[in-house]
Amino acid sequence: MSEQLTSTAYIKHHLQNWTYGLNPETNSWGFAHNAAEAKSMGFMAIHVDTMFWSILLGAIFLWVFRSVAKKAEAGVPTGVQNFVEMIVEFIDSSVRGSFTAKNDLVAPLALTVFCWIFLWNFMDLIPVDWLPATAGWVGQTFFDMNPHHVYFKVVPSTDPNATFGLALSVFFLTIWYGLKNKGVGGFTAELTMMPFQSNNKVVQALFIPVNFLLEFVSLIAKPISLALRLFGNMYAGEMIFILIALMFSAGATMAVFGGVLQLGWAIFHILIVTLQAFIFMTLTIVYMDMAHHEH
């Protein structure tokens, strides 16, 4: 039998990603067996669990919406079709309310961002031990691994690599459409000619570096705020679920109390899960709208 985890080790185990990378000590590629080994693999290491769940949840989203679209009927819709149509109408009204230009990419982008992030976040509502324990059992049974060395985080939005990856994708799209619609000159002017202006050309030239510093910070803050807001809220929510789970090993009374807390937090967390997906989607639409209009 494997040794029991302490409370601290239990928390660290649940917060550690399943990492694949180059081990500098052995100079070979493989999976990390502990947090220190994962850290030593550096920037190029891959969080396999984040990639697995992100791709799987994205595929589920595409499959469900494609299946409904293929079977859609003009008559009385089925429950799933009605649900999908409700989401599409919600996204359509959000885009119409915040995006004033013309770009056929924005609505599908907003739909994808909202549904994908919602599914990421929804994984936080699955009891914290179920899937990691299953992964540990698989590792022990079929690969003769210590289950305490099998890491399996199931909430992609608690991994900053995932949130920053999505935020940077939106950021690069806004840069691309900003350059496409305003030209290099117009895009550069927005970074250098405001907010401080003067009719005197010499004074305006002196304002350029100050304007650039202020506008550049504002520009870079967009993807950082998108990524950190989503990561911070979901990471905190996951941490609370983990702390509540510890109560189940502290006796029957604490287990009952922990069950009540877990139910209450899960109900409240449904709001957080949905709200974070909505905020990310709304800001994506707003940033895309800004990229299509002159300041």
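A few notes on this one:
- Just one of (1) surrounded by fewer than 17 Cβ atoms within 10 Å (Cβ to Cβ); (2) more than 30 Å from Ile11 (Cα to Cα); (3) over 23 Å from the mean Cα position of the chain (by Cα) fails for Pro108. It is (3).
Okay, residues lined up against (1) farther than 30 Å from Gln16 by Cα; (2) exposed (fewer than 14 other Cβ atoms within 10 Å of the Cβ); (3) modelled with pLDDT under 95:
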position	(1), (2), (3)
Pro132	no, no, yes
Pro156	no, no, no
Thr163	no, no, no
Thr192	yes, no, yes
Asn211	yes, no, yes
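Yes/no per residue for (1) among the hydrophobic types (A, V, I, L, M, F, W, C); (2) in contact with a strand residue (DSSP E or B) (Cβ under 6 Å, 6 or more places away or on another chain); (3) not in a helix (DSSP H, G or I):
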{"site": "Phe61", "(1), (2), (3)": "yes, no, no"}
{"site": "Arg66", "(1), (2), (3)": "no, no, no"}
{"site": "Ala69", "(1), (2), (3)": "yes, no, no"}
{"site": "Ala74", "(1), (2), (3)": "yes, no, yes"}
{"site": "Asn82", "(1), (2), (3)": "no, no, no"}
{"site": "Ser93", "(1), (2), (3)": "no, no, no"}
{"site": "Arg96", "(1), (2), (3)": "no, no, no"}
{"site": "Thr100", "(1), (2), (3)": "no, no, yes"}
{"site": "Asp104", "(1), (2), (3)": "no, no, yes"}
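- Unmet requirement for Ile126, which otherwise passes all of (1) surrounded by fewer than 19 Cβ atoms within 10 Å (Cβ to Cβ); (2) more than 20 Å from Trp18 (Cβ to Cβ); (3) of a type in the set (Val, Ile, Thr): (2)
- Taken over the range 244-287, the criterion of being touching a helix residue (DSSP H, G or I) at 6+ places or on another chain (Cβ under 7 Å), β-branched (Val, Ile, Thr) and farther than 27 Å from Pro223 by Cα is satisfied by Ile244 alone.
- Per-region count, the range 212-240, residues touching an Asp or Glu at 6+ places or on another chain (Cβ under 8 Å) and aromatic (Phe, Trp, Tyr): 1
- Whichever residue in the range 238-295 is not in a helix (DSSP H, G or I) and not charged (D, E, K, R) and, among such residues, is farthest from Ala162 (Cα to Cα): Gly251
- The sole residue among Phe152, Phe114, Phe171 that is out of contact with any Gly (no Cβ under 6 Å at 6 or more places or on another chain), among the aromatic types (Phe, Trp, Tyr), touching a residue at least 40 places away in the same chain (Cβ under 8 Å) and assigned to a loop (DSSP other than H, G, I, E, B) is Phe152.
- Set Ala9, Ala59: member being of a type outside the set (Asp, Glu), within 29 Å of Trp137 (Cα to Cα) and at pLDDT 95 or above: Ala59
- Scanning the range 213-237 for residues that are buried (at least 20 other Cβ atoms within 10 Å of the Cβ) and either basic (Lys, Arg) or more than 14 Å from Ala162 (Cβ to Cβ) (or both) returns a single hit, Gly237.
- Annotation: of all residues in the range 10-54 being among the hydrophobic types (A, V, I, L, M, F, W, C), within 18 Å of the chain's Cα centre (by Cα) and within 20 Å of Trp130 (Cα to Cα), the one that is surrounded by the most Cβ atoms within 10 Å (Cβ to Cβ) is Trp53.
- With respect to the conditions (1) farther than 16 Å from Ile117 by Cβ; (2) modelled with pLDDT of 95 or more, Leu226 lacks only one, and its number is (1).
- Any hit, the range 81-96, residues being more than 27 Å from Met288 (Cβ to Cβ) and not charged (D, E, K, R): yes
- Looking only at the range 75-104, and only at residues there that are of a type in the set (Ser, Thr, Tyr) and touching a residue at least 24 places away in the same chain (Cβ under 8 Å), the one that is surrounded by the fewest Cβ atoms within 10 Å (Cβ to Cβ): Thr100
- Count of the range 61-96 residues which are closer than 22 Å to Leu283 by Cβ and among the small types (Gly, Ala, Ser): 2
- The range 190-201 residues that are in contact (Cβ under 8 Å) with a residue 60 or more places away in the chain, paired with ones that are exposed (fewer than 13 other Cβ atoms within 10 Å of the Cβ) and of a type in the set (D, E, K, R) (beta carbon under 6 Å, 6 or more apart): none
The values are calculated or read from the model by the stated rules, or taken from the named source; none is laboratory data. These numbers come from a predicted model, not from an experiment. Glycine gets a Cβ as well: all are built from the backbone with ideal geometry, and neighbour counts include every protein chain shown.
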